[in-house]
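Please read the structure below before turning to the comments.
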Amino acid sequence: MRTILVADDDAGFRELVSELLGEAGYRVLKASDGAEAWELLESSGADMAVLDLNMPRLDGLQLTQRIRAHPSHAAMPIMMMTIRELAQDQASGYDHGADEYLPKPFDHRVFIAKVRALERRLLA
Ligand SMILES: [Mg+2]
C-alpha cells in the first residue's frame, strides 16, 4: 500500500483529501503545516506528497525545496494545492519542484485521477 503525506493548514481540505485518498486505497499521513509534514516524512517516510501551498511555519514551496534537496526524498512525487484563481501560485509551484498542481476547489474524481497518473509516471 502506498503512503501519501497530506499537509494542509485548512482542516476541511486536509480531511477531505485524506478521506478521498483513503477511499482510493492509500495510507495517509496528515500534517497541519509544513514543519509537521517534514517531521512526519523524516520519521515515517512517504511515497508521495500532497501539499497546500500556503501554510504556516513552512509553506508548500519551502517544503518542496527541502524535499528536493534531501537525498532520500528528492524523487518523491509532489502535488501542490493552490487557489484556482492564482495563476502565479501554480507557476511558482512548478518552479519550486512540484510535479503537479491541484487548484482548489477541485473535482474529487479529477483529484484521484491525478494522483494515480503521478503514481504511474513517477513510481513505475
Ligand atoms: Mg493553506
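From the mean inverse distance of alpha carbon pairs (Kirkwood) and the Cα radius of gyration, derive Rg over Rh for segment 63-114. Walk me through the numbers before you get to the answer.
Working: Rg = 11.8 Å, Rh = 11.6 Å.
Rg/Rh for segment 63-114 comes to 1.01.
Which loop trypsin sites (Lys or Arg not before Pro) in segment 47-124, with loop taken from DSSP, have no more than 15 other Cβ atoms within 10 angstrom of their Cβ? Mind dumping the intermediate values first?
Numbers: sites: Arg57, Arg66, Arg68, Arg84, Arg109, Lys114, Arg116, Arg120, Arg121; in loops: Arg57, Arg84.
Here the sparse-neighbourhood loop sites are Arg57, Arg84.
Based on Cα coordinates alone, diagonalise the gyration tensor for the chain, multiply each eigenvalue by 5, take square roots, and list the semi-axes in whole Å, largest first.
On the way: eigenvalues 60, 59, 44 Å².
For the chain, the semi-axes come out at 17, 17, 15 Å.
Quick one: compute the contact order of segment 3-123, relative version, from alpha carbon pairs under 8 angstrom and 6+ residues apart, as a percent. Mind showing how you got there, number by number?
Details: 197 pairs, mean separation 26.6, N = 121.
It comes to 22 percent, rounded to a whole number.
Computed from the coordinates by the stated procedures, all read-outs in this text should not be read as laboratory data. Everything numeric here is computed off the predicted structure, so don't read it as measured data. Glycine gets a Cβ as well: all are built from the backbone with ideal geometry, and neighbour counts include every protein chain shown.
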